[in-house]
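Here the structure is laid out as structure tokens; the discussion comes afterwards.
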Amino acid sequence: MKLNIISKIMLLPAVAISACTGNYMDINRNPYEVDKGQMQTDGYAASAAMKALCSSVISTDINTTQFTEALLGSVCGGYYATTNHGFANTIDNYNPTDNWTNVLMASDQIIPKLYANLDELKGLTDDDSVLAIAQVVKVCAMNRVTDTFGPIPYSQIGQDGKIQVAYDSQEQVYDRMFEELNEAIEILTNCSIRSISSSIDPIYGGDLDKWCRFANSMKLRLAMRIVYAAPEKAREMAESAVNTDNGAYGVIISNSDNATLPSTAFGKDGNPLRVCTRYNTPEHSGNGSCLTGGDSHVAADIICYMNGYNDPRRAQYFVPSEWDGYEFVGMRRGIEIPSMNEIGHKFSGVNVSTDTPLQWMNAAEVAFLRAEAAAIFGFNMQGDAKSFYEQGIRLSFEQWGASGVDGYLADDQSTPERYTDPTGNNSYSELLSSVSVAWKDDESVQERIIIQKWIANFNIGHEAWNDYRRTGYPHLIPATETGNKSGGVVDSKLGARRMPYPQAEYTNNATNIQQAITEYLGGPDNMATRIWWDCNPAIGK
């Protein structure tokens, strides 16, 4: 693993493609490198810029993906455990170094790449539908940044994505993101041309209807994120997202509309999650190469829930363990990491192939968002919570090609299993939840919805972490006493609430970061301070 914070950037000449209604976005300037000889092909530069733009949401750069997804989002969200015992400082153990936590703000593969290619598209096209898509992608990428740190530079981000500028409060960032999504949705809804060149769009192949539904789905996701911090704003945004009156497209309701980055956008090594979870895969005596992975394995949390529910999706999610008597077993997060060669390699691995698409959002998540909005907050979601909940489970089974959904939905007895560590060292005897799968409109309804949403969103680690912080669900296994190396800063049961700002900000942007901490963050710059929307009064009491 290594981080590359500086990359060479070259200017590209403009290549025009057709317009829909005229310019509307104002983006900074300075693109990433594209071979000039290839730009002679009409539209190539725009296609390259959009592909690069999309690869800054969940990065296709393997090292970046490892730090942002495998070692951060999916760890904090209860999906992965870090299993390389050579790592002395990890997010699992709440003692990471700056180069582990700074990536979403400091890496050249995210903010600089995003803004460079946003500006490049503005110079290449006056097609508002293309620019509206770019606006949606920008929100997707930057939402992950603000949800990781809290207040961030946003409205003032400068040339080449330079972040040495004034910070916005997280509430201001969300307000602006809603404005940007609404602008894009209006353009995409009203554009008379319903498709663009498929070569320009790696996500939906040029289908503007799908982009409009995805933009509305993102608005619904963000609305539910702020539901405890700004309930009226959340209601307004959520209800407008699902509205289908007067030609509005509403949200994603089918797996055919899932937002995913396909394998054609990856490098020669394929899906970066597959590569980075298998970094440092050991050789072990008597069994040849490890089958389950290297630096990251599946966490005990997700497998305990799915084993308890006898979930048919396990074979699609996990590589079977190498422990005798345990088909699927995860490693507990936040422990003294054991030797990988002797112990770590035996735990279940992440079942990702080289050509598995990178998920941004799926139809199941959208159905669960609607279920929670209707059941818990009384929002008008154009349907009832039970139907959305059951639809979410059905959509997930369909997405993963799993059978047995009717029996799963009817199960009102099974609950998550208690965690038994095959080594005998890190078991957890407490029951994680008494909630079963079958719908019950009772005091556990929010927990029930979030558990199934969490299972359906496997590998979208940041969303899992966001829901855990926002709702307190699902209940996760805490770090062990010796595994929590934060020196008392992080509560093991609450887990990490955010990541610290990059240390470089204290040198290169000292006045602005100090102002952000003092005026906006509301606490010290550490992993225990809660961000703006993390204000559910039921959590931590």
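Per residue, how much accessible area does the chain have with a 1.4 Å probe, in Å²?
Details: 19350 Å² over 541 residues.
Result: 36 Å² of accessible area for each residue.
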(request) Kindly provide the Kirkwood hydrodynamic radius of segment 39-127 in Å, to one decimal, from all pairs of distinct alpha carbon atoms. (result) 14.7
(message) Just to check I understand the Karplus step: with θ = phi - 60° and J = 6.51 cos²θ - 1.76 cosθ + 1.60, what whole-Hz values come out for segment 479-487, glycine and proline as x?
(response) 5, 6, 4, 7, x, 7, 9, 7, x
(request) Let me have the 222 nm mean residue ellipticity of the chain computed from DSSP H runs of 4+ only, each contributing -39500 (n - 2.57), with the sum over all residues rounded to the nearest 500. (result) -11000 deg cm²/dmol
(message) Beyond a 25 Å Cα-Cα separation, which of these cross-linked pairs lie in this structure: 113/493; 113/268; 386/453; 51/233; 122/219; 268/346?
(response) 113/493; 51/233; 268/346
(message) Tell me the accessible surface of residue 532 in square angstrom (1.4 angstrom probe, heavy atoms of protein chains only), to the nearest ten.
(response) 70
(request) Take each of the peptides 329-341, 222-234, average the number of other beta-carbon atoms within 10 Å over its residues, and list them starting from the highest. (result) 329-341, 222-234
(request) Show the residues, 5+ positions off or on another chain, whose built amide H is closer than 5 Å to the amide H of residue 319. (result) 349, 350, 351
(request) May I ask you to evaluate 6.51 cos²θ - 1.76 cosθ + 1.60, the Karplus curve with θ = phi - 60°, for each residue of segment 314-327 and list the ³J(HN,Hα) values in order in whole Hz, giving x for glycine and proline? (result) 4, 5, 7, 8, 10, 8, x, 6, 9, 8, 5, x, 10, 5
(message) Probe radius 1.4 Å, ligands and nucleic acids ignored: give me the carbon and sulfur share of the accessible area of the chain as a rounded percent.
(response) 45
(request) Could you pull out the GluC sites (Glu not before Pro) across segment 365-467 that fall in loop regions by DSSP (anything but H, G, I, E, B) with no more than 14 other Cβ atoms inside 10 Å? (result) 430, 443
(request) Work out Dmax and Rg for segment 327-374 from the C-alpha atoms and quote the Rg first, both in angstrom. (result) 16.9, 49
(request) From the P(r) of segment 466-541, can you give the percent of Cα pairs sitting at distances over 21 Å? (result) 36
(message) Per residue of segment 82-89, what does 6.51 cos²θ - 1.76 cosθ + 1.60 with θ = phi - 60° give for ³J(HN,Hα)? Whole Hz please, x for Gly and Pro, Karplus curve as stated.
(response) 7, 10, 8, 6, x, 7, 8, 10
(message) I need the shape label for segment 210-317. Rule: rounded when a/c is under 1.5, else prolate if a/b > b/c, else oblate, with a, b, c from the alpha carbon gyration tensor.
(response) prolate
(message) Cβ neighbours within 10 Å, averaged per peptide: list 52-60, 237-245, 519-527 in order, most packed at the top.
(response) 52-60, 237-245, 519-527
(request) Collect residues whose amide H, placed 1.01 Å from N in the peptide plane, falls under 5 Å from the amide H of residue 297; neighbours closer than 5 in sequence don't count. (result) 81, 83
(message) Once you order the gyration tensor axes a ≥ b ≥ c over the Cα atoms, which shape class does segment 108-249 get: rounded for a/c under 1.5, otherwise prolate or oblate by comparing a/b with b/c?
(response) oblate
(request) Determine the shape class of segment 292-336: with a ≥ b ≥ c the square roots of the Cα gyration tensor eigenvalues, call it rounded for a/c under 1.5, and otherwise prolate if a/b is greater than b/c, oblate otherwise. (result) prolate
(request) Please give the peptides 407-414, 357-364 ranked by average Cβ packing (other Cβ atoms within 10 Å per residue), highest first, as a rough proxy for protection. (result) 357-364, 407-414
(request) Enter the mean projected area of the convex hull around the alpha-carbon atoms of the chain, in nm², rounded to one decimal. (result) 23.6
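Just the Kirkwood number for segment 82-187, please: inverse of mean 1/r across all distinct Cα pairs, in Å, one decimal.
Mean inverse Cα-Cα distance, inverted, gives 15.3 Å.
The values are calculated or read from the model by the stated rules, or taken from the named source; none is laboratory data. Only a predicted model underlies this, so the values are computations on that prediction, with no experimental measurement involved. Neighbour counts are summed over all protein chains in view; Cβ atoms, including those assigned to glycine, are modelled from backbone coordinates with ideal geometry. In case anyone asks, the SASA skips ligands and DNA or RNA and just uses the protein heavy atoms, side chains included. Shrake-Rupley method; radii C 1.70, N 1.55, O 1.52, S 1.80 Å.
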